[in-house]
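Working notes, beginning with the structure itself.
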Amino acid sequence: MRIQMATDHCEKLHRVLVALFACVALATTVRVSQAAAPTILEPGYHVTPVPGCGFGYNNGVPHPLGPGQIMGAACSPGGVWGDFLALSISTPWDDDGSYVESVDLSGRSNGYLGFSGHVFPVHLAFSPPGWRGGNRLFIDVYNFGGGINLSSIEARNPVGGVESSFGTGAGFSPLAVDPWGDFNSDLLYDLTTWPSGPFQGVFRKDAAGGTSLVSSAATVGHFGSGGPWGTGLYGGGYILYGDGTRTPFPGGFADRNHFDFVNGTGFGGDLFSLCTVSGQPEICRVHPDGTRTPFASTSAMVLGCGGSLWLLSPGDCYKVEAARANASATVSPSTLNVRGNGNDISIHINAADAATGAPVDLSLLSAAHVSRVSSPSIGELTLPTPSAAAGCNDSTQDGIWETLSQRVIQGSGSATLRFSMPSDGRCATLDGNRQDVIALLLDVPDGETASICVSGVHPDTGFVEACGAVTIQNRGNR
């Protein structure tokens, strides 16, 4: 099977096609072809259709005029904004009526910010909460009235008011706000002359309002999700760092609208990108070392938001989430000496179907692995989703797995999982024990309570994750 990543040539073509569309006033209704429903190629996920996307102009109700064209997307940071997806929409009936649409996490669509006068929004980016004393939605706005062909970036506040605006020439400008501080929390944006080049580079707008060139080679995509992905800016197949240097990412990834990092159960902060598999467009799950596997059969836009993967096509959007059961856990021993020499740790779980309340048959649960740990002092550490499949990568896909042969089914919806085999460092081996768990908790102070979570995949309920508490002893060796 041959997997090839789409490149930023797609972005250049997208810019030209969108510009041509914008410059022609259509007298007839614009019909946008709808993508086929995606097939999720990994087990344990639930797909919910969101048919109202692109119909925010009609309060999310499908209309005979058809859906608007989705130009860009961003996930709100919560807080004063609330939780929603922001979509920039070019309306199907009039090039003088584009807007920004909100889609809440349950899939309801509404118009949010309107534009007029041959002006339409393209790319979107939220600032982190409280950014420089405020909260901003940055909008790449394109004005094609009277052959002007000018772009600007507006900063809007949560009630829709324009806080500031500055020009960016004649090309579209993908943009992102640094959430990690590597670029001094600045706004970064691409600058391209009309209609599709030459590309001038990635620029930054600093706290004093000054602009400067960061890189003449990189492009703006999305910032890394932390952990093994780091905190650099991913774009154009490269990772751009705060000092202006860049490194190529193995195998590359697609343009900004067709890749994103997705957090939440079942996604683990991985990168999901449009790719080509045996000549067909699909969405691939990409790992930090560049290895990738097909995840969904679709060519839709990609956005991570609210712990889910959103696949966005006009009037035919989908929310993909790990199907969950309600589960709880107790850990034995309940007190964990992180300086001790014990090898076994057991986690007893109870699980019920979240929708029906029926007990989950845990004999059908796949081999479980430690998915995350947390405590007040160390915060939450989400482990990358491991794999024991043929060809797995020992350095990035090894996991802390239960000793499956020692699982004990103790009744309806109840089982005890044991982690007793020392890790051999090979991803293909289902192993892991107390010492591997302890290695994650060495910095937890004495007496603090930590949480240990395990997860597996069930054929009926999908992902099952259960978390239990342990008290940490950290006073030296026995």
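Quick note: the coordinates plus some simple rules give every number you see, no bench work behind them. Model, not experiment: these values are computed from the prediction. Reconstructed Cβ throughout: ideal geometry from the backbone, glycine too, with neighbour counts over all protein chains shown.
Close amide-amide hydrogen proximity is noted between M71 and S88, I89, S90, each under 5 Å apart and 5 or more residues distant or on a separate chain (H modeled in the peptide plane; Pro and chain starts excluded). Of the trypsin sites (Lys or Arg not before Pro) found in segment 281-387, those that fall in a DSSP loop while having at most 15 other beta-carbon atoms within 10 Å are R339. Find which of L404, A325, H369 sits farthest along the positive direction of the dipole of segment 325-473, computed with +1 on the beta-carbon of Lys and Arg, -1 on that of Asp and Glu, about the Cα centre. Farthest towards the positive pole: L404.
Ordered by the number of other Cβ atoms lying within 10 Å of each residue's own Cβ, fewest first, H123, H222 fall into the sequence H222, H123. With respect to the chain, whose longest principal axis is taken over its alpha-carbon atoms, helix 9-22 is tilted by about 40°.
Around the amide H of H46, modelled in the peptide plane, lie the amide H atoms of E321, A322, A323, all under 5 Å away and 5 or more residues distant in sequence or on another chain. Shown for segment 325-473 is the translational diffusion coefficient from the Stokes-Einstein equation, using the Kirkwood radius over Cα pairs, a temperature of 4 °C and a viscosity of 1.567 mPa s: 84 µm²/s.
Per-residue ellipticity at 222 nm from helix content only, as computed over the chain with -39500 (n - 2.57) for each DSSP H run of at least four residues, stands at -1000 deg cm²/dmol.
Positive end of the dipole of the chain (Cβ unit charges, origin at the Cα centre): among G447, P77, N135, the Cα lying farthest that way belongs to G447.
The dipole here belongs to the chain: it is taken about the Cα centre, uses +1 on the Cβ of Lys and Arg and -1 on the Cβ of Asp and Glu, and is about 120 debye. Our summary of shape: the Cα atoms of segment 181-264 have principal axis extents of 35, 30, 22 Å, ordered from largest down, in whole angstrom. FRET efficiency for the pair T247 and D289, taken as 1/(1 + (r/R0)^6) with r the Cβ-Cβ distance and R0 = 22 Å, rounds to 0.95.
Working note: Cα gyration tensor of segment 297-357, eigenvalues times five, square-rooted, sorted largest first, giving semi-axes of 40, 17, 8 Å.
Computed on the chain, with alpha-carbon pairs under 8 angstrom and 6+ residues apart, the relative contact order is 13 percent. Residue order for R418, R434, R108, fewest other beta carbons within 10 angstrom first, comes to R108, R418, R434.
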